[in-house]
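The structure appears right after this line, and notes come after that.
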Amino acid sequence: MAAMAACRIAHATVAAAAAAASSSSKPSCVVARPQFCGLRRVEVGCEFGALAQQLQSAGRGCRGVVSMAGTGKFFVGGNWKCNGTNESIEKLVEELNSAKLEEDVDVVVSPPYLYISKVIGSLTKRIEVAAQNSWTGKGGAYTGEISADQLVDAGVKWVIQGHSERRHVIGETNAMIGTKSAYALSKGLGVIACVGEKLEDREADRTTDVVFEQLQAYADAVSDWSNIVVAYEPVWAIGTGKVASPQQAQEVHAAIRQWLKEKISPEVSSKTRIIYGGSVNGANSAELATQEDIDGFLVGGAALKGPEFATICNAVTAKKVAA
Ligand code: PGA
């Protein structure tokens, strides 16, 4: 991981290079109008002068000022977990309906099953709804389970799979999570595919081993990644108030993108949103968002407060400003 981090140019270096290039009174080339693919700013048809040299000497080639290594749109999910009452959910929906959300972000919220229909019936269509889990296949004699078919029938668009609470509290295995994801995808749901290491894994320097094993289980079960958003959620950061530092998160996100490139395809690597989860809040989201490979967030506690969740969604602005 250290080697991987070392071979990636730090975001600050890119920003500094960009600032240096733009403050030069005589730019060494006329920079063509920037174009945004997703939010990745690419500059076409120029040599970039000093900036290009710095990027090239850092081994990145002349790829412009990059605010987003992937090409997908920023994505923020709110995971309400097993929280809420009729009353508190009505209030939260009202807050979300009146929130001003930037356009450059896909926003999804995930209420407990019981309240899904109520939320779909009252929430602005600007925000889509996810379930927190779904069964491995078609419905039937599976007491307490909900099938992807039923979720689709209820108007749900997404499902979270492999959340650490389901892995480590309920005991779901990698293989089961892969099967459930594949079935949900086959029914047209988008899957928010969670991965993440426990503290003991991190301390034993096994972070990427664990994360790659979890990714491999998804890869073994699914053939099409176009409806998958990967959520990196270190278990030690979930619900603990102990957020990963932007550098810690970026390092694992970059490793995941590289894994996708090598094991799936460069196209999937570029298009797949890799979002971060674990104690994200209104105060830390903007700095996290400026990291190249952080394409959004999966938010727990702070998603229960409408205005704060809106602030996190609008952290996409920090990414644009950093571009
Ligand atoms: P947290 O939860 O934001 O409360 O840490 C994140 C999650 O579990 O998705």
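Nothing in this text is a laboratory measurement; each read-out follows from the coordinates by a stated rule. As the structure is a computational prediction, the values presented were derived from the model and not from experiment. Every residue, glycine among them, receives a Cβ derived from its backbone with ideal geometry; neighbour counts consider all protein chains shown.
In this structure, SER98 and ASP205 have a Cβ-Cβ separation that, at R0 = 45 Å, corresponds to a calculated FRET efficiency of about 0.45. Placing a pseudo-label 7 Å from each Cα along the Cα-to-Cβ vector at SER223 and ASN83 gives an inter-label distance of 4.0 nm.
Taking 0.36 nm per intervening residue step and subtracting the Cα-Cα distance, what contour gain separates PHE212 from LYS138 on full extension? Spell out each step's value before the answer.
Numbers: separation 74, 0.36 × 74 = 26.64 nm, distance 2.84 nm.
Gain on extension, PHE212 to LYS138, equals 23.8 nm.
Shape class of segment 201-322 from the Cα gyration tensor (axes a ≥ b ≥ c, square roots of the eigenvalues): prolate, since a/c reaches 1.5 or more and a/b is larger than b/c. Rounded to the nearest whole angstrom, the semi-axes of the ellipsoid equivalent to segment 102-235, taken from the Cα gyration tensor as √(5λ), stand at 25, 18, 14, largest first. Based on alpha carbons, the Rg and Dmax found for segment 71-322 are 16.8, 52 Å. The percentage of C-alpha pairs in segment 59-158 whose separation is greater than 23 Å is 39%.
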